[in-house]
Amino acid sequence: MRTKPILLTLLTLLVCSSLMFAGTVSGKVTYTGTPAKQKPIDMGKEPSCAKQHATPVTGETVVTGPDNALENVVVYVSSGAPDDGQVPSQAVTFEQKGCQYIPHVLVMHTNQELKIVNSDQTSHNIHPLAKVNREWNKSQPPGTAPIVDKYDKPEFISVKCNVHPWMHGEFAVLSTNHYDVSKGGGDFKLPNLPPGKYTITAWHEDYGTQTADVTITGNETKDVNFTFKAKAY
Amino acid sequence: MGKFFAVTVAIIAILSAIPIVMNYWGPPADISTHGAAIDDQLHETMWEAGVSFLAAQLVLALFVWQFAGRGRNDKLKNFPGGAKWLVIAAFLFVGTEILALGVIGQKAWATVYFAAPDKDAVTVQAQAGQFAFYFRYPGPDGKFGTPRPDKIDEGNQNFFGLDPENDVASRDDIVAGELAVPVNRQVNLLMHSKDVGHSFYVRELRIQQDFVPGLDLAVHFTATKTGQYEIVCTQLCGLGHYNMKAYLNVLSQEDFDKWLKDKSAQ
């Protein structure tokens, strides 16, 4: 009868101690050079989408911020993380709204539930161009239930709509839960890393990947920055 | 019973001709220089086909009226000269009609397809792909960049497969999802299909031309009225065919120049 509280105490201690000694890798993703100009998207053929945007939206392949910050870069622990097989129970959501994908880059764990929602007044045909995982494309008329699926192998998958050629997004299927996607300032943060050696990878859909090795020894924050070379065209 | 059937056939034939003769479902107003010839041709075809249709139905009604009550043992009557001459007469009649329509219609056809475009015509490339139209203008240098299928990247707005990094002519090419043209100036439309068969149809322009994969065709037209008109795909091209459309914007020359300038700056 007494073993249960003892086990619980031990478990709590274990969790607390690992958190106490958990390190963080943080930094900024930037670019050098001049990135290609993102052109405005002409949604004229789909008035129900066009009217949702006061000014025409531009492509999102390269999104930059102040001080050469680069957005939409997936930064993740590509090796060394101890909890690689833990699949989050919560689903990730990919929304089709205003004939755009929100978010543009969606990160998920392998076998994590993926929910695809159509919030538009028009039909979409979602087509993730998977090469390692099974490729499919599905139509989703307005007002229909979300499409639910999952990917069982890690892969970066370009997503397109077979009805609206300008629509473009990316799925990043990873085998880790330690990831972040750089936002407006190019910042990213990977917390809760127990002491150990890690390889951190930064992936951008157009500029490729970069890696950095980092060692966490205790309760510390390590700075890792990534700089991508921009393509003019 | 036979007489009732004959009257019914005659009534249906006459009733169905009324909306066509009265022009209830006429096409929208023509906005092109060649459209009048197309409309004349359609009119002529409708008249000839309509008169033949009515005549055939009424003769059928007449025959039914005349011979429906024939007894089982009555003697069969033959057309004078037998069936052979009747068939020959029908062949000659229909053949002459079709030939005549072709000869007359050739003029309307030739203005769009066989005559060379004007030297100052605005050249625009139209590309059809599942399931959208895109239009390309050569930009200030007057030259189109060379399209490279391996460079097509729709998610990055590169619908024509341009290679601005290596191909200088493609750098100023203007790509749009709408077809903007100046009014009263000839437009030479170069038609290219990216994947399967599509069609370019603008009712008001009286143009309906298929895009054929692997075969680049050209049509030229002059729009005579400013406004916005719908371009639809009329060749079943797949799942999203119903949604494959774009708009033709006929602008004044000044507005067209401004439109080009704005597009260039983007």
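Quick check on this structure: which one of B:120, B:74, B:40 is loosely packed, with under 13 Cβ neighbours inside 10 Å and either in contact (Cβ under 8 Å) with a residue 24 or more places away in the chain or within 30 Å of residue B:241 (Cβ to Cβ) (or both)?
Matching residue, one of B:120, B:74, B:40: B:120.
Could you check how many residues of the range B:17-34 are under 20 Å from the mean Cα position of the chain (by Cα) and free of Cβ contacts under 8 Å to residues at least 60 places away in the same chain?
Counting residues in the range B:17-34 that are under 20 Å from the mean Cα position of the chain (by Cα) and free of Cβ contacts under 8 Å to residues at least 60 places away in the same chain gives 4.
Checking the condition over 22 Å from the mean Cα position of the chain (by Cα), aromatic (Phe, Trp, Tyr), at pLDDT below 90 and part of a helix (DSSP H, G or I), which residue from B:47, B:85 passes?
Going through B:47, B:85 in turn, just one is over 22 Å from the mean Cα position of the chain (by Cα), aromatic (Phe, Trp, Tyr), at pLDDT below 90 and part of a helix (DSSP H, G or I): B:85.
Looking at (1) touching a residue at least 60 places away in the same chain (Cβ under 8 Å); (2) within 14 Å of another protein chain (Cβ to nearest Cβ); (3) of a type outside the set (A, V, I, L, M); (4) farther than 22 Å from residue B:256 by Cβ, which is the one condition that is false for residue B:127?
Status for residue B:127: all satisfied but (4).
Being of a type in the set (Val, Ile, Thr) and crowded, with 16+ Cβ neighbours inside 10 Å is the filter; apply it to the range A:119-139 and report the residue that is farthest from the other protein chains (Cβ to nearest Cβ).
Only one residue tops the list, namely A:126.
What pairs come out if I take residues in the range B:196-215 that are over 27 Å from residue B:36 (Cβ atoms) and pair them with residues that are among the acidic types (Asp, Glu) and outside any strand (DSSP E or B) whose C-beta lies under 8 Å away, six or more apart or interchain?
B:213/B:195
Is there any pair with a first residue in the range A:123-149 that is free of Cβ contacts under 8 Å to residues at least 24 places away in the same chain and a second that is of a type in the set (Lys, Arg) whose Cβ atoms are under 6 Å apart and which are 6 or more apart or on different chains, and what are they?
Short answer, once both residue conditions are applied: A:132/A:153.
Just give me the residues in the range B:225-237 being touching a residue at least 40 places away in the same chain (Cβ under 8 Å) and surrounded by fewer than 15 Cβ atoms within 10 Å (Cβ to Cβ), in sequence order.
Residues satisfying the conditions are B:225, B:227.
Taking residue B:181 as meeting all but one of (1) within 18 Å of residue A:45 (Cα to Cα); (2) within 14 Å of chain A (Cβ to nearest Cβ), write down the number of the exception.
(2)
For the range A:1-39: of the residues being within 14 Å of chain B (Cβ to nearest Cβ) and surrounded by 16 or more Cβ atoms within 10 Å (Cβ to Cβ), which is modelled with the highest pLDDT?
Checking each candidate, the answer is A:35.
Could you count how many residues in the range A:47-68 are over 16 Å from residue A:187 (Cα atoms), at pLDDT 90 or above and touching an Asp or Glu at 6+ places or on another chain (Cβ under 9 Å)?
Selection size over the range A:47-68: 6.
Do you know which residues across the range B:254-266 are without any contact (Cβ under 8 Å) to a residue 60 or more places away in the chain, of a type outside the set (Asp, Glu) and within 14 Å of chain A (Cβ to nearest Cβ)?
B:265, B:266 - these are the residues of the range B:254-266 that are without any contact (Cβ under 8 Å) to a residue 60 or more places away in the chain, of a type outside the set (Asp, Glu) and within 14 Å of chain A (Cβ to nearest Cβ).
Give the residue, chosen from B:213, B:164, that is surrounded by fewer than 18 Cβ atoms within 10 Å (Cβ to Cβ) and within 13 Å of chain A (Cβ to nearest Cβ).
Of the residues listed, the single one that is surrounded by fewer than 18 Cβ atoms within 10 Å (Cβ to Cβ) and within 13 Å of chain A (Cβ to nearest Cβ) is B:164.
Please determine, by comparing only the residues of the range A:51-69 that are within 13 Å of chain B (Cβ to nearest Cβ) and free of Cβ contacts under 8 Å to residues at least 24 places away in the same chain, which one is surrounded by the fewest Cβ atoms within 10 Å (Cβ to Cβ).
In this case the residue turns out to be A:55.
Could you look through the range B:12-30, keep only residues that are in a helix (DSSP H, G or I) and modelled with pLDDT of 85 or more, and pick out the one that is farthest from residue B:221 (Cα to Cα)?
B:12
Is it the case, given these coordinates, that residue B:145 is within 14 Å of chain A (Cβ to nearest Cβ), in contact with a strand residue (DSSP E or B) (Cβ under 9 Å, 6 or more places away or on another chain), surrounded by 19 or more Cβ atoms within 10 Å (Cβ to Cβ) and over 30 Å from residue A:126 (Cβ atoms)?
Here the answer is yes, as residue B:145 does meet what is asked.
Quick grid of which residues meet (1) in a loop (DSSP other than H, G, I, E, B); (2) closer than 30 Å to residue A:46 by Cβ:
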| site | (1), (2) |
| --- | --- |
| A:164 | yes, yes |
| A:169 | no, yes |
| A:172 | no, yes |
| A:180 | no, no |
| A:185 | yes, no |
| A:201 | no, no |
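Here are the criteria: (1) under 29 Å from residue B:183 (Cβ atoms); (2) part of a helix (DSSP H, G or I); (3) over 19 Å from the mean Cα position of the chain (by Cα). Tell me which single one residue B:61 does not satisfy.
(1)
Kindly check whether there is at least one residue in the range A:189-211 that is closer than 13 Å to residue A:72 by Cβ and charged (D, E, K, R).
Yes, some residue in the range A:189-211 is closer than 13 Å to residue A:72 by Cβ and charged (D, E, K, R).
Hey, does the range A:104-118 have a residue that's in contact with a His (Cβ under 6 Å, 6 or more places away or on another chain) and in a strand (DSSP E or B)?
Yes.
Does the range A:103-118 contain any residue that is within 14 Å of another protein chain (Cβ to nearest Cβ), in contact (Cβ under 8 Å) with a residue 40 or more places away in the chain and under 25 Å from residue A:163 (Cα atoms)?
Within the range A:103-118 (the criterion being within 14 Å of another protein chain (Cβ to nearest Cβ), in contact (Cβ under 8 Å) with a residue 40 or more places away in the chain and under 25 Å from residue A:163 (Cα atoms)), the answer is yes, since at least one residue qualifies.
Against the definition (crowded, with 16+ Cβ neighbours inside 10 Å and more than 14 Å from every other protein chain (Cβ to nearest Cβ)), how does residue B:251 come out, yes or no?
Spelling it out, residue B:251 is indeed crowded, with 16+ Cβ neighbours inside 10 Å and more than 14 Å from every other protein chain (Cβ to nearest Cβ).
Restricting to the range B:139-162, what's the tally of residues that are within 12 Å of residue B:174 (Cα to Cα) and touching a residue at least 12 places away in the same chain (Cβ under 8 Å)?
Total meeting the criteria: 10.
The values are calculated or read from the model by the stated rules, or taken from the named source; none is laboratory data. Every value quoted in this text rests on a predicted model; they were computed, and no experiment measured them. So basically every Cβ, Gly included, is an ideal-geometry build from the backbone, and we count neighbours across all protein chains shown.
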